[in-house]
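**Student:** For reference, the structure I am asking about is given below.
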Amino acid sequence: MKKLKKKIAEFINGQANASDVFYEQSKNISFEDSVEVIPQEWITIHFKTYPRMPKIVLEKALSKKIKSLSSRRSTRLFIKKDISFKLLSSLIYTVAGLIFEPKDMDDSRRSYPSAGARYPLEVYLIPLGVKSLKQGLYHYNVKENALEALLIEDMGEWVLACTGNEKWILDANFLIIITGIPDRSRIKYGDREFRYMLIEAGHLSQNICLLATELGLRSCPIGGFIESQIISLLDIENIREYPLYMIALGK
Ligand SMILES: Cc1cc2nc3c(=O)[nH]c(=O)nc-3n(C[C@H](O)[C@H](O)[C@H](O)COP(=O)(O)O)c2cc1C
């Protein structure tokens, strides 16, 4: 609360951005097991309708063009069996790499859209069961399509500490962490930057989940992580790079 008040004061004085205040207010998490009984209003799915207006019923014509659109599910059950480095490479390169790479890097493009091609997102990888890849923390170097090893060590304890003891995640083959560097977009879009960054994280992660499904992998997006654990692991305490999303992937 103290930190939030400080940020609001800084915002009023013009020393902080709207997104700094939003980030401060939204970074804490309360886990589902913090309530004894899950309240019904957390379960009921709402649908907006206009009952008094005319309606035209559509055909239930499920397109099979992208099979994973209908078969993707968030899965919390993985078989602990190593996947190949090739499978991992194929997923990471296709979702986050430079799939259009002309001579001028400023014209390069990726498979997910980015407002003004500012690409504020960064991708990190935590392999837990990938052949020929030691456990640890890796950063995806987009330009060179390479994994930069930032830390080589067993990640089990960190995974549990970061996710409030979600043991099923340990059976995943790898975790992807998506962070955002808002200033890359801010330079062009000002205060709308955070909005765009979050939308882009959605585009990227949906591509990850769909391609994973097509490649025979299961996935589960994880928004329930302890912010400070990611910040200290990635060593981004003192820079404007924010943890946005995590995805567990596995067989
Ligand atoms: C923003 C976001 C955050 C989520 N966070 C978690 C999470 O922390 N843990 C988890 O087990 N599932 C998480 N999920 C998965 C949802 O529970 C899941 O998408 C939802 O139950 C719908 O099921 P489906 O993905 O199989 O269609 C998250 C999904 C989204 C979109």
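We did not get these values from a lab; they are worked out from the coordinates using the rules stated. In this text the structure is predicted, and so the values were computed from the model without any measurement. Neighbour counts run over all protein chains shown; Cβ positions are idealised from the backbone, glycine included.
**Student:** What's the lysine pair count for the stretch 97-209 at a Cα cut-off below 28 Å, pairs eight or more apart or interchain?
**Tutor:** The result is 7.
**Student:** Is the shape of the chain best called rounded, prolate or oblate, per the rule: a/c under 1.5 gives rounded, else a/b larger than b/c gives prolate, else oblate, with a ≥ b ≥ c the square roots of the Cα gyration tensor eigenvalues?
**Tutor:** Working: a/c = 1.17, a/b = 1.03, b/c = 1.14.
The shape class here is rounded.
**Student:** Right, next: What 222 nm value per residue comes from the helices of the chain, counting each DSSP H run with n ≥ 4 as -39,500 (n - 2.57) and dividing by all residues, nearest 500 deg cm²/dmol? Let's see the in-between values first.
**Tutor:** Numbers: 8 runs with 81 residues, N = 251.
Roughly -9500 deg cm²/dmol at 222 nm, from the helical runs in the chain.
**Student:** To continue, here is another question. Are there GluC sites (Glu not before Pro) in the stretch 1-90 that DSSP marks as loop and that have at most 12 other Cβ atoms within 10 Å, and which are they? Each step should come with its number before you reach the end.
**Tutor:** Numbers: sites: E10, E24, E32, E36, E41, E59; in loops: E36, E59.
Taking the stretch 1-90 and a limit of 12 other Cβ atoms within 10 Å, the loop GluC sites (Glu not before Pro) found are E36, E59.
**Student:** Taking the Cα centre of each part, how many Å lie between the stretch 9-53 and the stretch 183-198?
**Tutor:** Rounded to whole Å, the Cα centres lie 20 Å apart.
**Student:** Which of Y140, P113, P182 sits closest to the plus end of the dipole of the chain, meaning its Cα is farthest towards the positive end, when Lys and Arg get +1 and Asp and Glu get -1 on the C-beta?
**Tutor:** Most positive-ward Cα: P113.
**Student:** Moving on. Return the single residue from V21, V57, V130 with maximal mean-square fluctuation; model: Gaussian network over the chain, springs between Cα atoms under 10 Å.
**Tutor:** Answer for the Gaussian network model of the chain: V57.
**Student:** While we're on this one: For the residue pair K134 and N238, what label-to-label distance in nm results when each label sits 7 Å from Cα along the Cα-to-beta-carbon direction?
**Tutor:** 2.8
**Student:** Where nothing but the Cβ of Lys and Arg (+1) and of Asp and Glu (-1) is charged, how large is the charge dipole of the chain around its Cα centre, in debye to the nearest 20?
**Tutor:** On the way: 35 positive and 30 negative charges, 232 e Å.
It comes to approximately 1120 debye.
**Student:** Hand me the chymotrypsin sites (Phe, Trp or Tyr not before Pro) from the stretch 29-76 located in a DSSP loop with no more than 11 other Cβ atoms within 10 Å, in residue order please.
**Tutor:** F47
**Student:** So for the chain, taking the charge dipole from beta-carbon charges (+1 Lys/Arg, -1 Asp/Glu), which of I247, C162, S232 sits furthest toward the positive end?
**Tutor:** Of the candidates, I247 comes out farthest on the positive side.
**Student:** Would you mind ranking L210, L133 so that the residue whose beta carbon has the fewest other beta carbons within 10 Å leads the list? Show your work: numbers first, answer last.
**Tutor:** Working: L210 18, L133 22.
Arranged by neighbour count, lowest to highest, L210, L133 become L210, L133.
**Student:** I would also like to ask the following. With θ set to phi - 60° and the Karplus curve 6.51 cos²θ - 1.76 cosθ + 1.60, what are the ³J(HN,Hα) couplings of the stretch 88-95 in order, to the nearest whole Hz, using x for Gly and Pro?
**Tutor:** Working through the residues one at a time gives 4, 4, 4, 5, 5, 5, 5, 8 Hz.
**Student:** Still on this structure: With a sphere of radius 9 Å drawn around the Cβ of Y189, what net charge do the other residues whose Cβ falls strictly inside it have (Lys, Arg +1; Asp, Glu -1)? Numbers along the way, then the final one.
**Tutor:** Working: positive: R118, R186, K188, R192, R195; negative: D191, E193.
Result for the local shell: +3.
**Student:** Residue-wise, which Karplus ³J(HN,Hα) couplings in Hz belong to the stretch 216-227, taking 6.51 cos²θ - 1.76 cosθ + 1.60, θ = phi - 60°, and x for glycine or proline?
**Tutor:** For the stretch 216-227, the Karplus-derived couplings read x, 10, 9, 8, 8, x, 10, x, x, 10, 8, 3 Hz, x marking Gly and Pro.
**Student:** Taking neighbour counts of Cβ atoms within 10 Å as a proxy for exposure, in what order, fewest first, do L137, L170 appear? If you can, show how the numbers build up before the last one.
**Tutor:** On the way: L137 22, L170 17.
Starting with the residue having the fewest Cβ neighbours, the order is L170, L137.
**Student:** L244's amide H: which non-local residues (gap 5+, or another chain) put their own amide H closer than 5 Å, with H modeled 1.01 Å from N in plane and none for Pro or chain starts?
**Tutor:** I178, T179, G180
**Student:** Now, a different point. How far apart, in nm, are two points set 7 Å out from the Cα along the Cα-to-Cβ line at S34 and at S63?
**Tutor:** Taking the two extended label points, one gets 4.0 nm.
**Student:** Suppose a student asked you for the relative contact order of the chain, using Cα pairs under 8 Å spaced at least 6 residues apart; what percent would you report?
**Tutor:** On the way: 377 pairs, mean separation 56.4, N = 251.
Answer for the chain is 22 percent.
**Student:** To continue, here is another question. Within 10 Å of each candidate Cβ there may be at most 11 other Cβ atoms; applying that plus a DSSP loop requirement, which trypsin sites (Lys or Arg not before Pro) in the stretch 96-131 survive? Please list the in-between numbers first.
**Tutor:** Numbers: sites: K103, R109, R110, R118, K131; in loops: K103, R110, R118, K131.
The qualifying sites are K103.
**Student:** Compute the distance from the alpha-carbon center of the stretch 56-84 to that of the stretch 203-251, in whole Å.
**Tutor:** 19
**Student:** Between E144 and K80, what FRET efficiency follows from the Cβ-Cβ distance if R0 is 51 Å, with the result rounded to 0.05?
**Tutor:** Working from the Cβ atoms, E equals 0.95.
**Student:** Under a point spin-label approximation (7 Å from Cα along Cα-to-Cβ), what is the F100-I45 distance to one decimal in nm?
**Tutor:** In this crude spin-label approximation the distance works out to 3.5 nm.
**Student:** Shifting gears a bit: For L150, enumerate residues with amide H under 5 Å from its amide H, sequence gap 5+ or separate chain, H modeled in the peptide plane.
**Tutor:** Counting only residues 5 or more places away or on other chains, the set is L137, Y138, H139.
**Student:** What are the semi-axes of the equivalent ellipsoid of the stretch 96-141, taken as the square roots of 5 times the eigenvalues of the Cα gyration tensor, listed largest first and rounded to whole Å? Intermediate values should be presented prior to the final figure.
**Tutor:** Numbers: eigenvalues 145, 29, 14 Å².
In descending order, the three semi-axes are 27, 12, 8 Å.
**Student:** Under a 5 Å amide H to amide H cut-off, with H placed in plane at 1.01 Å, what residues pair with A16 once short-range neighbours are removed?
**Tutor:** F11
**Student:** Please state the relative contact order of the stretch 138-238 as a whole percent: Cα pairs under 8 Å, 6+ residues apart? Walk me through the numbers before you get to the answer.
**Tutor:** Numbers: 54 pairs, mean separation 23.0, N = 101.
Value for the stretch 138-238: 23 percent.
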